[in-house]
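Worksheet: one structure, shown below.
Any read-out appearing in this document is the output of simple, stated calculations on the displayed coordinates, not a laboratory observation. These figures come from a predicted structure and were not determined experimentally. Note that each Cβ is placed from the backbone with ideal geometry, even for glycine, and that neighbours are counted across all protein chains shown.
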């Protein structure tokens with residue numbers, strides 16, 4: 001459920017008309033519902049209330065510090081994959097001891113940053129990374145808390161670009177190799193083994209891949225404990241999907257019931273790293289129609305949001321429902337919704353049946369809260385859009401629209417070409 005709805009033919013976010021926001025901030029812009037963000041976090045987190053757990057929001061899905069601060073106030077930890085995300089999480093008021101650092105390419109500087117901050121644990125993804133972290137911890141006179149991200153070779157049944165749990169993916173360590181890594185880590189004086197981690201993919205709509213993964217991880221944990229290797233945390237990652245179109249993912253309660261039955265008696269604090277399931281349907285991208293263009297083969301709606309603002313349709317062929325901000329019950333037209341970027345791949349929708357709209361009208365691109373702004377760019381030297389947070393009948397700009405001056409920040413013309 002989300003809090004975007006029509007009232008007398010006009011789209012609202014909570015108690016605020018979308019048109020009102022557009023008049024004040026211009027278009028395009030991202031709009032998030034505070035009530036939806038809060039509701040979705042509670043729905044997920046409360047589903048695991050009966051067991052020791054930590055819900056670490058996936059920062060990469062939506063990294064605005066206002067939203068991170070909201071989740072932190074509700075008890076969330078954070079799942080991070082870079083030094084920049086660690087910086088954001090700390091600035092948002094997230095306790096370091098609730099932060100888990102994943103990612104295949106952590107630099108020495110990032111590892112040191114995490115050590116100095118005192119994060120909960122590092123999810124290691126290669127034997128070489130383990131050696132580098134041990135050396136970093138030795139230089140600081142510390143012990144680094146670690147889990148090894150296991151690649152269980154489970155098919156998550158999702159888009160190949162967001163599948164992370166197969167042998168062919170770059171993520172994690174083979175089960176057999178991970179056991180030998182744990183044995184090696186136990187003997188390293190500056191590492192402390194605290195957990196086992198995994199993450200098999202994103203936008204999963206079935207529970208079975210998660211259950212297959214847990215079965216394999218339980219066997220590993222049993223073998224490790226037989227060798228006196230303590231496992232206190234089981235990090236099951238994220239990946240639970242949402243409804244963009246016809247998908248029917250399980251509700252977090254159903255997901256939790258299935259997982260809790262499978263981990264019964266495992267004697268670990270469970271860590272979850274949800275992102276999309278919390279923020280995906282809590283945000284929308286609002287764009288304005290610039291031109292309508294009818295051709296012999298296709299019709300086009302040219303809008304002011306491009307692939308630099310929302311890259312998922314171009315990158316993944318992803319579906320986002322699109323609806324007019326003012327609903328006039330007009331005849332339908334099949335058209336491509338395209339942006340101003342000089343790329344044929346710059347589209348938000350293809351062959352989409354939409355009510356006929358005119359230049360100047362607003363469209364809402366739904367389910368854009370996850371991996372929307374977070375993956376935006378300045379391609380074609382386009383300033384990135386603002387982010388707006390609505391609560392009840394008020395809204396705030398939580399990230400200002402970039403300016404042309406912002407585009408040149410950090411750039412200079414060297415003397416030798418003047």
- prompt: Using the 10 angstrom Cβ neighbour count as an exposure proxy, how do 38, 189, 58, 180 rank, fewest first?
  reply: 189, 180, 38, 58
task: Can you pull the one-decimal nm distance between simple spin-label points at residue 51 and residue 227, each 7 Å off the Cα toward Cβ?
output: 2.4 nm
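Report the full-extension gain for the segment residue 8 to residue 219: residue separation times 0.36 nm, less the Cα-Cα distance, to one decimal in nm.
70.3 nm
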- request: Specify whether the C-alpha gyration tensor of the stretch 13-90 places it in the rounded, prolate or oblate class, a ≥ b ≥ c being the square roots of the eigenvalues: rounded for a/c under 1.5, otherwise prolate if a/b is larger than b/c and oblate if not.
  value: oblate
task: Determine how many Å³ per residue the convex hull of the Cα atoms of the stretch 284-363 encloses.
output: 87 Å³
- prompt: Over the chain, with a single point scatterer placed on each C-alpha, what log10 of the ratio I(q)/I(0) does the Debye formula yield at q = 0.06, 0.09, 0.12, 0.14 1/Å?
  reply: -0.27, -0.60, -0.99, -1.24
message: Over the chain, with a Gaussian network built from C-alpha contacts below 10 Å, which listed residue (32, 87, 371) shows the highest mean-square fluctuation?
response: 87
statement: Shape call for the stretch 260-418, from the Cα gyration tensor axes a ≥ b ≥ c (a/c under 1.5 means rounded, otherwise prolate when a/b beats b/c, else oblate), comes out oblate
- prompt: Seen from all sides and averaged, what is the projected area of the convex hull of the Cα atoms in the stretch 164-293, in nm²?
  reply: 11.8 nm²
- request: Calculate, in nm to one decimal, what residue 403 and residue 187 gain on full extension: separation in residues at 0.36 nm each, minus their alpha carbon distance.
  value: 72.4 nm
- prompt: What FRET efficiency, computed as 1/(1 + (r/R0)^6) with R0 = 22 Å and r the Cβ-Cβ distance, is obtained for residue 321 and residue 351, rounded to the nearest 0.05?
  reply: 0.95
- line: Among beta bridges assigned by DSSP with both residues in the stretch 1-95, the antiparallel ones amount in percent, to the nearest 5, to 65 percent
- prompt: Rounded to the nearest 5, what % of the DSSP beta bridges within the stretch 103-272 are antiparallel ones?
  reply: 5 percent
- request: Run through the DSSP bridge list for the chain and note the antiparallel percent, rounded to the nearest 5.
  value: 50 percent
- prompt: Between the helical axis of 208-226 and the dominant principal axis of the chain, each derived from Cα atoms, what acute angle in degrees is found, rounded to the nearest 10?
  reply: 20 degrees
- prompt: So how do 326-332, 243-249 stack up, highest first, on mean other-Cβ count within 10 Å?
  reply: 243-249, 326-332
message: Show me the ranking of peptides 139-149, 353-363 by mean Cβ neighbours inside 10 Å, starting with the highest.
response: 139-149, 353-363
- request: Would you please put 41-48, 65-72 in order of how densely packed they are, using the mean number of other Cβ atoms within 10 angstrom per residue and starting with the highest?
  value: 65-72, 41-48
message: So if I take the centroid of the Cα atoms in the stretch 199-269 and the same for the stretch 63-136, what is the distance between those two points in Å?
response: 21 Å
